[in-house]
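Heads up, the thing below is written out as structure tokens.
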Amino acid sequence: MLRRDFLQSALISGFMLSSGLASAQTTALTYTLEGTDVYGKKLSLSDYAGMTVLVSFFTYDCDLCSEDLKLMREFYVRNSKNKFMMLGVNLDKNKKDLDEYNDLTTHAYPKDQRFPTVWRYAPGHKDNFGPIPTQPTHFVLDHKTQLKFKREGKFQPDDWDKLWLSL
């Protein structure tokens, strides 16, 4: 009798535990971002629903950010027709630094090679990415704007493979 009660209790506990895990997996965070790009155009992450989106947080004077953004720009150009979008989020406290970055990229890259960039400290900017203590920090989001993976610091070689496979 005790053995049967134990087995029944274990089965019920196991069922409840697996049900709890299943519901936890279905409540993945959906990321949001709303603001105005450096050209004054309204921008929302929801505009890119159905696409893989790479959101890169950077500062103007960060050498590591510049290296990553150069490679990411090349990936963006090659894959923008494959349901891929890249968004830059500038973290400079001073808008003058963002303006200088924008001026340089406007002169350095043709229009079709420039990805949308927003300033995180602009009035009306909203996002739910949380604090960004490391520059650069990259989020790769799936077609439902849910996290595929996050990289703090330099994008690693296997990150490129994961990004490619997410398309």
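Key figures for this structure:
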read-out: Selection status of Gly35, modelled with pLDDT under 90 and surrounded by 10 or more Cβ atoms within 10 Å (Cβ to Cβ); value: no
read-out: Per-region count, the range 82-114, residues within 16 Å of Val55 (Cβ to Cβ) and modelled with pLDDT of 95 or more; value: 8
read-out: When residues of the range 45-91 are limited to those that are under 18 Å from the mean Cα position of the chain (by Cα) and of a type in the set (D, E, K, R), the one surrounded by the most Cβ atoms within 10 Å (Cβ to Cβ); value: Asp68
read-out: Qualifying positions in the range 103-121 - out of contact with any helix residue (DSSP H, G or I) (no Cβ under 8 Å at 6 or more places or on another chain) and either of a type in the set (A, V, I, L, M, F, W, C) or crowded, with 19+ Cβ neighbours inside 10 Å (or both); value: Leu104, Ala108, Val118
read-out: Close pairs (7 angstrom Cβ cut-off, 6 or more residues apart or separate chains): under 17 Å from Phe57 (Cα atoms) in the range 74-102, outside any helix (DSSP H, G or I) and basic (Lys, Arg) anywhere; value: Val89/Arg120; Asn90/Arg120; Leu91/Arg120
read-out: Identity of the residue in the range 131-159, part of a strand (DSSP E or B) and of a type in the set (A, V, I, L, M, F, W, C), that ends up surrounded by the most Cβ atoms within 10 Å (Cβ to Cβ); value: Leu141
read-out: Pairs with Cβ under 6 Å, 6+ apart, first in the range 131-145 and hydroxyl-bearing (Ser, Thr, Tyr), second in a loop (DSSP other than H, G, I, E, B) and surrounded by 15 or more Cβ atoms within 10 Å (Cβ to Cβ); value: Thr145/Tyr31
read-out: Filtered residue count, the range 128-151, keeping only those that are within 27 Å of Lys93 (Cα to Cα) and over 11 Å from the mean Cα position of the chain (by Cα); value: 7
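The values are calculated or read from the model by the stated rules, or taken from the named source; none is laboratory data. For clarity, every value in this text was computed on a predicted model and none was experimentally measured. Positions of Cβ are backbone-derived with ideal geometry, glycine not excepted, and every protein chain shown enters the neighbour counts.
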